[in-house]
Each structure stands twice: as structure tokens, then as C-alpha cells.
Amino acid sequence: MKLVRRKLLGGALSLAPLMIGSGALFFQAPSWAGAQIEEPLIDSVRTALSSAIANHAPPVPEFSDTESRLRYLRWLGTMSERLARKKSDWNTRKEFLQTVWYEAKRAGLDVSLVLGLIQVESNFRKFAVSSVGARGYMQVMPFWTRVLGDGDAGKLFHLQTNLRFGCVILRHYIDRERGDVFMALGRYNGSRGKPQYPKAVLGAQKLWAHQAA
């Protein structure tokens, strides 16, 4: 895979336990919500984050060898089967999973972690809006578009834009927490130090794990 791996710098929660049965995922209703908290950013961090957001290269994976491509295709097939109950159209699932994979890898994140976070945050609903205004698949708070972009919060309903913001923000929080994913997840949800949200995401992550991801 030819991705420029940059060290990138930082929704609302819907705790939705998963059950696997007959090769599909079944999702329960959400239970509570939270949101990222706007914090001051030093200029260097703001510049790095803005730069990471601004690169709108299409999410088309490239691979250095045939085996890497085959591993990706096996992952895509497995994840597509699991997601079929939430997104019935194959092309929609393919576009979604390809973009998740690309943006997660670009930000140096485990793809299964990002899928677990999306499951908990929005239950895979593109146009989800929380009670506090977080938007889209990764429930990104609108203030991020003002801090890092052009202020157009409507763009957070665009697939790649939402995943780009979400992955870059999560990477930022992991870096701030010096690699502590548990604490970074709490910060992403605005509930740093509380266990409910990180446990929900890490639990969901296990159900999206795949050795080829």
C-alpha cells in the first residue's frame, strides 16, 4: 500500500452492543451521547491538523504487491458480509468500507478501531445528528470545521470528509494521550477518564477485527 503515513494530530455516543449471528451483525438501539470538547490548539498543531484535513486525495487504495491487494480484498469481502444488514447495496458498502480503510490507514489507525467507533457513535448512519450537534458517521462536532477548515459544517455529512475529520481527530487525541487509546477514546467522546465509552468502542472493535485489515 502506498500511503503517505503522516503523524497526524485529535461525537456523540450511542452505545449499541453487537451480536454476530448467521454471518451478519445485529445492532441494538443507542443509549447515551457525548461530544468532543473544543480546546485551544497551539499554532503548530492547528497547522498540522488543517494540512491533514485539506488533502482530499480520493480514497483509492494502492498496493505494492499482489498479496497485499489480496489481503485487502479478503478483508473487504468479510466486512461487507458483516455490514450487509446496515447497508444492503453492495456498491454503497464497498465505497464506505474502502473509505474507512483508506482514512484509517492514512491516519495510522487500526481499521477495526475506526469501525468499532463508527458502530458506537452513529450505528453506521451517514446523516446521524446527536442532541449536542455532532454529525455523521464519526459524530464530528461542527466546531472542528471552523477550527480546521472553512466552517461549513454541512460537509460533515460527506462520507470522506466525515471520516477524514474523525480519523485525524482521533489520531490527535491518541498522540495527546501518548498512545493511550483508552484515554484517547474518552477524550473523543468528551468523557475522558470515564470507562463506559472506551469499553463500548473496544468491545465493538473486536467484532470488526480481521487479520487482513
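The values are calculated or read from the model by the stated rules, or taken from the named source; none is laboratory data. Note that the structure is predicted; figures quoted are calculated from it, not measured. A quick note on method: Cβ atoms are made from the backbone with ideal geometry, for glycine too, and the neighbour counts reach across all protein chains shown. Accessible surface areas use protein heavy atoms only, side chains included; no ligands, DNA or RNA. Shrake-Rupley method; radii C 1.70, N 1.55, O 1.52, S 1.80 Å.
Matching residues to (1) modelled with pLDDT of 95 or more; (2) over 14 Å from the mean Cα position of the chain (by Cα):
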residue	(1), (2)
T161	no, no
I169	no, no
V181	yes, no
N189	no, no
K194	no, yes
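Kindly evaluate D150 against the criterion of being within 21 Å of T47 (Cβ to Cβ) and surrounded by fewer than 17 Cβ atoms within 10 Å (Cβ to Cβ).
On the way: within 21 Å of T47 (Cβ to Cβ): yes; surrounded by fewer than 17 Cβ atoms within 10 Å (Cβ to Cβ): yes.
Yes; evaluated as a whole, the condition is true for this residue.
When the residues of region 39-75 are narrowed to those that are of a type in the set (D, E, K, R) and at pLDDT below 80, which ends up most open to solvent (accessible area, probe 1.4 Å)?
Here the residue is D43.
Would you confirm whether or not region 113-126 contains a residue that is hydrophobic (A, V, I, L, M, F, W, C), open to solvent by 10 Å² or more (accessible area, probe 1.4 Å), in a helix (DSSP H, G or I) and touching a Phe, Trp or Tyr at 6+ places or on another chain (Cβ under 8 Å)?
no
If you take the residues of region 153-184 that are outside any helix (DSSP H, G or I) and not charged (D, E, K, R), which of them is least open to solvent (accessible area, probe 1.4 Å)?
G179
Looking only at region 82-124, count every residue that is acidic (D, E) and within 16 Å of Y72 (Cα to Cα) and tell me the total.
3
Just to be sure, is M141 over 16 Å from L49 (Cα atoms) and either open to solvent by 20 Å² or more (accessible area, probe 1.4 Å) or among the basic types (K, R) (or both)?
The answer is no for M141.
Condition test on K126, is it closer than 26 Å to R71 by Cα and at pLDDT 95 or above? Give the derivation first.
Values: closer than 26 Å to R71 by Cα: no; at pLDDT 95 or above: yes.
Judged against the criteria, K126 is not a match.
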